[in-house]
Amino acid sequence: MVKEVAIVGIGTTGFRATTPDVSYRELTYEAAKKAYLDCGIGPKDIGAFVATSEDFLEGYSIADEYAPDQLGAVLKPIYTVTGDFIQSLGSGVMMILSGLYDIVVVQALSKASNMLTKPYMIEFAMDPLYARQMRELPDYVAGLDMARYMFDTGTTKEDCAQVVVKNRRNAMFNPYAAHGCDLSVDYVMASEPVSYPLCELDISQCSDGAVVVVLARGEVARSLTKKPIWVRGIAWISDTPNLERMEWGKARYAELAAKKAYSMAGIKAPRSEIDFAEINDEFSYKELMHMEALGLCNPGEARYLVRDGVTEITGDLPINTMGGLMGIGNAFEANGAHLVLSTVLQLRGEAGKNQLRDVTTGLAMSWRGIPTNTGAVVILSN
Amino acid sequence: MALVERLQVTTQVGYWCGEIPLEYIYTYGRAGEAFYRTLIEKEKILGAYCPQCDAIFVPASIFCERCFERIEGNYRELEPVGIVETFTVLYKNIDGTLKEKPELIAMINIKGAVGGLLHYLKEVDPKDVKIGMQVKAVFKPKDQREGGLKDISHFKPL
Amino acid sequence: MLDPERIKNTATKLSFEDIQTKKVLSFKYKPNLKYAWDNGVAIGRYLAELKNGRIIGKRCNSCKRILVPPRLFCELCWRPTDEWEYLKDTGTILTFVVSHVNWDASRVKPGQRYHTPAVIELDGAGKDQGILHLINEIEPYDIRIGMRVQAVWKPPEERIGAITDIKYFKVIGG
Amino acid sequence: MGLRRVAIVGAGITKFYRYTQETPKELAYEAAKMALDSCGMTLKDIDCVVLGSAPDAFDGVHMKGEYLLDGAGGYKKPYMRHFVGGGTGVLSPIHGWFHVASGMFDTCLVVAEEKMSSAFPHPAGAFLTIFDHTTEQPLFPTLIWIFAIEMHRFMHRHGYTKEQIAQVAVKNKKNAIDHPSAQLPGEITVQDVLNSEVMAYPVNRLDISPTSDGAAAIVLAAEHVARRVTEKPVWIDGVGYCLDTAYWCNRDLYYPDYLEVAARNAYQMAGIKEPSKEIHVAEPYDPFTYKELHHMEGLMLCRRGESVKLLLDGVTQRDGNLPCSPSGGLLGVGNPIAAAGLMKIIEIFLQLRGEAGKRQVPGKPTCGLAQAWGDLMQVGTVVVMRI
């Protein structure tokens, strides 16, 4: 895709484990205000808005009702995508390419700290005819997936623990991250088993936060900012929703979405053309599984890259430079948003201490978590 | 940053509790009804054969998700045996409490079919469980079967 | 053209009894969906003042409204709101309803009073600036749009900082 | 505007019932397969899938879009669910239009589904939690309250009476007799409506559309594909959608401003100056009797305060100058929320192709619109179609 749609403005409240002092309205308003100031626009300049939310995460039956006010979208075109932020971003890109709008705003927020019964909410997403009737802690699905992945690739628990150590250390120098921490591999390996081989610290902790992104068409983008971040490729794919028939130990959704995004971006050799990636690591093994599915390395090779420091900030293929979900937090529908945020900050040279040198192309990838097989990929470049 | 005013004193912080008070009764649909009737009456696992994909898909459904052909009429009754595609040892309950005894849960591919069931593995020591292991279903007594996944008590090694 | 024959076979009609009498199999499930929503600055102050027996709004000098319930930004002008402003607990009925059903669609029992919710424009808040609340101490069908109403508060010791600290609005004229 | 032209080329719809045995996946499949069959396409010809479904609280599955995926044909495809409450059914073709008009996809399968009968004791219970959780829910409101509040305001400002408004139910339920999916068709009189149980004055039972299980689907195609697939492609020439503030108590509900904004956007895109003349057939959203009139005014199909006159003069009958809800509407055919909105899109698709059978309005209409509405008296979604 030629240089046609760019991210010109981005605003966030940052991510914290709890945000008890602000309501979801105030949280979103703050992110929107910063995004619009970031590129010098106001609500009247915006053609349309796309919000991201799932009813039962917000605690409403029709959560989209409460989207417009905080974004300045009253009596303006706005709708909600019940999916990951990168899917909403895809909608925004399509809306600009359709020719109807020059500027589209895309939003996502998390108030995970307000959800008191998270495991039951995830169980409520399962098929009531089969998997849901087990009435067990849904993490068993990740346990099954991790076990198969380790069986197929020879990846060890230690390799997975290395991911946790890397990402949470990177998060310590990311002011927007909630769960930065300096851990050792042994410390992570010693955490309590939840659904073996999945242990406590193999699971990312939740966080609250909001992100608002401003998309603009080609020439309008250039007029609004000196550092437009071009959307060179974007795709989202859903594999079977049936746990009874899915391919365990694989991330086919990421493979297929990446293939589409690479072809749109004209990328032939991802390993060399992608400078860094911010990808879903809701569970430690997922970063490795996703690296392989995205073609950033061969199947079964991810563990060597993480072991040899290739995916550190100082390595050849930095992964989750700002902390990923392990470091910034599992923000449900807003996961894609903070992964895109981290990618944009690196490409703009605004990543602070974690700033990579002379990077041009970054990849952000999201997965919608248990019990889905839905992933989305976006390729950005400065 | 963007808010003109902030809470200054921690006692001002507050929240409002609530819940979504709903209840559900899910009917099983045409294929699901057939699946569980077969389970109850014949202790068999119902799949559906898709001629276009040349595969039997379990659990049975009225359509093939891959080629979207209607396969409602091609039900196949399969033996309740399969292999362990993957397994895990679950230590915690959904309410966060620790289980007295960790439970073994496995993805069991039904022999001769694509797909299978997630279920408990019992009558086996976790150390002996291997991916690829052959297992078979153990059914509850017929009069205790209510038409649900738990009509199968668990799977055990063949 | 829509094919009536095919449409007939797309769905199998059931009745409530079919499910109750287990003519068809089913799975019963009660989701566990509990939340604690952060009030934040504006709603936090609103509830705190309700506990003191007062209704507070926040003024927007741009569109000249006093926003109730209060918010930190005016959603129409998209700017921070200005002074906090106490509102009188009197107002006018903009519209109302006589509801013979409860929230779960069950009917109000004979002898029980029908619910009479209304949108009440609070004095001084500005045109159409209303809140949802209940009307009482009047026969449901005697209520008229335009009637003047006043809040009836719970005694201070029973107030917890909630919209229900106002029991209902009673008619005071018009 | 030099926009890429996108047409509806196929449509499918299930029967609507209060209770069905089918799972939501099976309902979605039946509609999606019928839509593909109707234009001789298979899932291999579909580039992407868009799903419209209203609150998860009805079917009883969190992240319902993911659950419905295989039934909607989304297996290993780009698949996305959008959501604007009751307005979802008409937002579905709009979201699908973005997919194809962007040039990223040539064909799109749009599926809308709702199975309300899973919710017990009654789906209406789900509406408790659409209200603000802190300032409104403690009063135990139900959706019928704010419908009745809006209807009362609408009657109060225009002087409409319940007898006049009841005519909408008489018209739509009669029209529904000719719709194969209809759940509650029938010949009723104004008196029947007035004598039916009071739900919440001024709303009686026959003023309300039923809760339903059902699904609907359409196939969208870019111009070059559409012309190959069918000789009668129906072009999506205008799209419009808009939300008002969630503070529904801080605005006068007698007139749907948000719907006027959505309609203006759609008309401007379609090059329509005089909607009341250029629109030949319309499907305004009628979950309640008064809503058809309320929306006719918001759609500028008539001036404010004149919708009842058009109704009483028979202008909106099937053989009138501006037929409204010739399908039988939500009141007659049924209201599986998202599928109800798409049912209205499908009706205009069939009317413009002259394929509405006994429901066909005379005069070979070439331009029609379908509209949906929802949330807290807050969203308008409008699609203008031409053949």
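Bear in mind that the values in this text are calculations on the coordinates, not laboratory data. None of these values were measured; they are calculated from a predicted model. Cβ coordinates were reconstructed from backbone atoms using ideal geometry, including for glycine residues, and neighbour counts include every protein chain displayed.
For a modelled paramagnetic label at residue A:308, 7 Å from Cα along Cα-to-Cβ, the residues of segment A:277-294 in reach, with backbone nitrogen under 16 Å, are A:292. Please list, in chain and number order, the residues 5+ apart from residue D:104 or on another chain whose amide H is under 5 Å from its amide H, with Hs placed from the backbone. Result for residue D:104 returns nothing. For the pair segment C:1-73 and segment D:198-263, the centres of their Cα atoms are 20 angstrom apart.
Starting from the Cα of residue B:142, draw a straight line to each of the lysines and keep only those under 19 Å, dropping any in the same chain fewer than 8 residues away. Answer for residue B:142, where 19 Å is the Cα cut-off: B:42, B:44, B:150, B:156, C:22, C:23, listed by chain and number. Counting only alpha carbon atoms, the long axis of helix B:29-42 and the longest principal axis of chain B meet at about 60°. The lysine pair tally for segment D:74-187, using Cα distances under 28 Å and a gap of 8 or more places or different chains, is 8. With a Förster radius of 51 Å applied to the C-beta separation of residue B:12 and residue A:272, the computed FRET efficiency comes to 0.40.
Each part gets one Cα centre, and for segment C:131-174 versus segment A:304-382 those centres are 54 Å apart. Think of chain B as a dipole: +1 on every Lys or Arg Cβ, -1 on every Asp or Glu Cβ, centred on the Cα centre; then among B:60, B:80, B:3, B:80 lies furthest on the positive end. Ordered by the count of other Cβ atoms within 10 Å of each Cβ, fewest first, B:101, D:344, A:76, C:154 give B:101, C:154, A:76, D:344.
Going by how many other beta carbons lie within 10 Å of each one, how would you line up A:367, C:84, fewest first?
Lowest count first: C:84, A:367.
Amide H to amide H, with H built 1.01 Å from N, residue B:86 comes under 5 Å of B:107, counting only residues 5 or more places away or on other chains.
If R0 is 25 Å, what FRET efficiency do you get for residue A:222 and residue D:4 from their C-beta distance, rounded to 0.05?
Calculated transfer efficiency: 0.55.
Calculated over chain D, the projected area of the Cα convex hull averaged across directions stands at 17.1 nm². Our coupling estimate for segment A:276-284, obtained by passing each phi through the Karplus curve with A = 6.51, B = -1.76, C = 1.60 and θ = phi - 60°, is 7, 9, 10, 10, 4, 9, 4, 10, 3 Hz, Gly and Pro reported as x.
Here the sum of -39500 (n - 2.57) over DSSP H runs of 4 or more residues, divided by the residues of chain A, equals -10500 deg cm²/dmol at 222 nm, to the nearest 500.
Among the lysines of segment D:230-387, pairs at least eight places apart or on separate chains and with Cα atoms under 19 Å apart come to 8.
Taking the charge dipole of the protein assembly as shown about its Cα centre, with +1 at Lys and Arg Cβ atoms and -1 at Asp and Glu Cβ atoms, the residue from C:160, C:48, D:177 reaching farthest to the positive side is D:177.
A simple rule links phi to the HN-Hα coupling: the Karplus curve 6.51 cos²θ - 1.76 cosθ + 1.60 with θ = phi - 60°, which for segment D:125-130 gives x, 5, 7, 4, 9, 9 Hz, with x for Gly and Pro. Once both labels are positioned 7 Å from their Cα atoms along Cα-to-Cβ, the gap between residue C:32 and residue C:3 label points is 4.8 nm. For segment A:1-101, a simple Cβ point-charge model (Lys and Arg +1, Asp and Glu -1, everything else neutral) yields a dipole of about 380 debye relative to the Cα centre.
Residue order for D:38, A:113, fewest other beta carbons within 10 angstrom first, comes to A:113, D:38. Taking 4.7 Å between beta carbons as the limit, the unpaired Cys residues of chain B are B:17, B:67. A simple spin-label model places the labels of residue C:152 and residue B:77 6.8 nm from each other, with each point 7 Å out along Cα-to-Cβ.
Quick one: which of D:70-80, C:86-96 comes out on top by average Cβ neighbours within 10 Å, and what's the full order, highest first? Please list the in-between numbers first.
Numbers: D:70-80: 25.7, C:86-96: 20.3.
In decreasing order of mean packing, D:70-80, C:86-96 become D:70-80, C:86-96.
For segment A:273-379, the percent of C-alpha pairs falling in each 10 Å distance bin, counted from 0 to the bin holding the largest distance, reads 16, 53, 29, 2.
Seen from all directions on average, chain A presents a Cα convex hull projection of 17.0 nm².
Counted over all Cα-Cα pairs of segment B:26-157, pairs farther apart than 19 Å make up 53 percent.
Summed over qualifying helices (DSSP H, 4 residues or more, each -39500 (n - 2.57)) and divided by its residue number, chain C shows a 222 nm mean residue ellipticity of -3000 deg cm²/dmol. In chain D, the DSSP-assigned H stretches of four residues or longer account for a calculated mean residue ellipticity at 222 nm of -10000 deg cm²/dmol, using -39500 (n - 2.57) per stretch and the full residue count as denominator.
Bridging of residue A:226 to lysines at a Cα separation below 16 Å is possible for A:3, once same-chain residues fewer than 8 apart are set aside. Percent of Cα-Cα pairs more than 16 Å apart in segment B:89-158, please. Of the Cα pairs, 54 percent sit more than 16 Å apart.
The charge dipole of segment C:40-173, taken about its Cα centre with unit charges on the Cβ of Lys, Arg, Asp and Glu (plus for the first two, minus for the last two), comes to roughly 100 debye. Pairs of C-alpha atoms in segment C:13-132 farther apart than 19 Å represent 66 percent of all such pairs.
Using only the Cα atoms of the protein assembly as shown, what semi-axes does the equivalent ellipsoid have when each is the square root of 5 times a gyration tensor eigenvalue? Give whole Å, largest first.
43, 35, 30
Whole-Hz Karplus values for segment C:113-119 come out as 6, 4, 6, 10, x, 8, 9 Hz, taken residue by residue from phi with 6.51 cos²θ - 1.76 cosθ + 1.60 and θ = phi - 60°; glycine and proline positions read x. Note on chain D: antiparallel DSSP beta bridges, both residues inside, total approximately 70 percent of the bridges counted. Placing unit charges on the Cβ atoms only, positive for Lys and Arg and negative for Asp and Glu, gives segment B:26-157 a dipole magnitude near 180 debye about its Cα centre. Label separation (residue C:137 vs residue A:263): 7.2 nm, computed from points 7 Å beyond Cα along the C-beta direction. For the pair segment A:212-259 and segment D:147-176, the centres of their Cα atoms are 46 angstrom apart.
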